[in-house]
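Enquirer: Submitted below is the structure of interest, expressed as structure tokens.
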Amino acid sequence: MTPQLTTEQQAAQAGTTDCALLGETHLTGEQFGALMGGTTGTAGPEVAAAEAHLLVCEQCAVELASLREAISLFREASNAYADEELRSRPRWILPARRSYSQSLIPAYWVAATAMFLTALLPLQVMRRHTLAPPAASVSSVAVSNTASDTQSDEALLEDVNSEISASVPTSMQALADPTADASTANNETSVPTTDQRKD
Amino acid sequence: MAFEGAQMFPSTSVSLGNEARATPLDDLENVVALYQPRVFSFLLATLRDRDAAETLTQETFLRAWSARASFREDCSVATWLIRIALNLARDHTRTGRFRFWKRVTASAVDVAEVAAFVPTHERSAEAQLIAKQQVAGIWETVAGLSARQRSIFLLRFMEEMEIPEIATVTGLPLGTVKSHLYRALAIIRAQHVSSPNNIKTHGATTKETE
């Protein structure tokens with residue numbers, strides 16, 4: 001009595017690797033996924049059966065190997081492309097790996113001083129403009145001039161008033177009192193009298 | 001930065017106080033040097049936009065550093081960073097602005113550029129061409145996956161994370177992660193099989209490399 005052989009053993013004896021002769025179907029999608037994506041740690045009986053199938057089915061074995069190789073190429077090409085892309089870009093600026101040590105303190109002081117001066121300069125300029133603006137100085141001069149002019153005007157008006165208020169103007173004083181001082185008057189006037197003409 | 005000026009990160013040396021514990025993220029310069037390529041690569045494959053990928057990479061490290069006190073070290077630094085990056089990418093792709101600019105942005109990744117980086121491995125010119133076609137095909141197919149399928153596929157095959165680690169990063173149950181991964185693989189497998197030369201030339205390619 002010959003022992004019963006499994007279909008896979010029969011196929012192996014016949015030297016064939018065609019699944020059709022074994023009366024089997026090819027790997028299912030789940031088996032294929034388990035072989036491709038599964039890991040040894042999670043391999044169960046299903047994976048073991050699929051691996052056994054690969055031993056007798058060249059078509060599935062070739063397909064699996066081809067896809068594995070293609071995915072491997074995909075990984076290598078993608079990583080190489082990403083590496084090249086990353087190299088072509090500027091490096092990130094990362095802070096130096098040191099603490100806020102004393103070596104940085106002078107730099108901080110210089111920066112702080114520069115910032116202080118930068119902030120102070122416009123204030124000084126603004127202050128200078130505020131203290132002596134051109135328009136203000138002109139107006140102050142004008143005010144002082146106006147005050148002195150007012151004083152001189154008042155003095156002039158006072159003189160005019162005093163002359164007007166006088167009964168006889170200063171220029172007519174000699175006519176108002178002809179006897180007061182004849183000699184003086186004669187000396188002062190250039191017009192000769194009738195007596196002088198006779199002389 | 002080329003598009004938004006240099007990004008200044010906060011000083012790594014700011015005192016955390018006596019009560020604050022030290023974390024691996026305190027040394028930001030070292031963390032960036034170690035993980036920047038990985039985070040950028042993941043975001044670039046996810047978003048397919050170079051500028052957006054760089055912006056979100058910066059944001060990832062900034063957030064990680066800001067929230068470093070909450071890092072309990074129950075996962076690796078890489079896992080934590082990828083988790084932040086994934087959340088940022090998810091938020092970014094939800095905006096309508098991203099959907100609009102995705103079509104017109106000048107910094108969008110060209111498939112041909114990626115395919116040009118296929119390693120040669122001393123292949124023949126024909127095999128090299130087929131390899132480029134395969135990579136371009138997968139790149140385009142991944143773009144057509146749902147956001148969750150794409151993330152899980154990239155975490156598994158680009159980041160080479162284990163299924164439980166992907167579950168941690170995405171916050172999904174193991175079964176859900178497997179389900180999305182298998183569906184993504186089924187779509188990619190269908191595209192791969194339907195492409196001419198992919199399967200039948202594989203043997204020849206393998207022989208050449210051997």
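The values are calculated or read from the model by the stated rules, or taken from the named source; none is laboratory data. As the structure is a prediction and not an experimental result, all values here were calculated from the model. Glycine gets a Cβ as well: all are built from the backbone with ideal geometry, and neighbour counts include every protein chain shown. When the accessible area is computed, the model is the full protein with side chains, heavy atoms only, and any ligands, DNA or RNA have been set aside. Shrake-Rupley method; radii C 1.70, N 1.55, O 1.52, S 1.80 Å.
Enquirer: Inside region A:36-51, can you point out the residues that are at pLDDT below 85 and assigned to a helix (DSSP H, G or I)?
Expert: Listed by number, the residues that qualify are A:M36, A:G37, A:T40, A:G41, A:T42, A:P45, A:E46, A:V47, A:A48, A:A49, A:A50.
Enquirer: Take region B:113-142 and flag every residue that is part of a loop (DSSP other than H, G, I, E, B) and either more than 23 Å from the chain's Cα centre (by Cα) or not hydrophobic (A, V, I, L, M, F, W, C) (or both).
Expert: Scanning region B:113-142 gives B:P119, B:T120, B:H121, B:E122, B:R123, B:S124.
Enquirer: Give A:L54, A:L73 a once-over and let me know the one that is free of Cβ contacts under 8 Å to residues at least 12 places away in the same chain and either at the interface with chain B (Cβ under 7 Å from one of its Cβ atoms) or assigned to a helix (DSSP H, G or I) (or both).
Expert: Criteria check complete, one pass: A:L73.
Enquirer: Out of B:L16, B:L25, B:L56, which single residue is buried (at least 17 other Cβ atoms within 10 Å of the Cβ), more than 9 Å from chain A (Cβ to nearest Cβ) and modelled with pLDDT under 90?
Expert: B:L25
Enquirer: Being surrounded by 10 or more Cβ atoms within 10 Å (Cβ to Cβ) and modelled with pLDDT under 65 narrows it down to one of A:V110, A:V138, so name that one.
Expert: Residue meeting the stated conditions: A:V138.
Enquirer: Please find, within region B:137-150, the residue that is farthest from B:L86 (Cα to Cα) out of those that are aliphatic (A, V, I, L, M) and open to solvent by 20 Å² or more (accessible area, probe 1.4 Å).
Expert: The qualifying residue farthest from B:L86 (Cα to Cα) is B:A143.
Enquirer: Scanning region B:143-163 for residues that are in a helix (DSSP H, G or I) and within 8 Å of chain A (Cβ to nearest Cβ), which turns out modelled with the lowest pLDDT?
Expert: B:I163
Enquirer: Only one of (1) touching a Cys at 6+ places or on another chain (Cβ under 8 Å); (2) at pLDDT below 85 fails for A:L94. Which number is that?
Expert: Single failed check for A:L94: (1).
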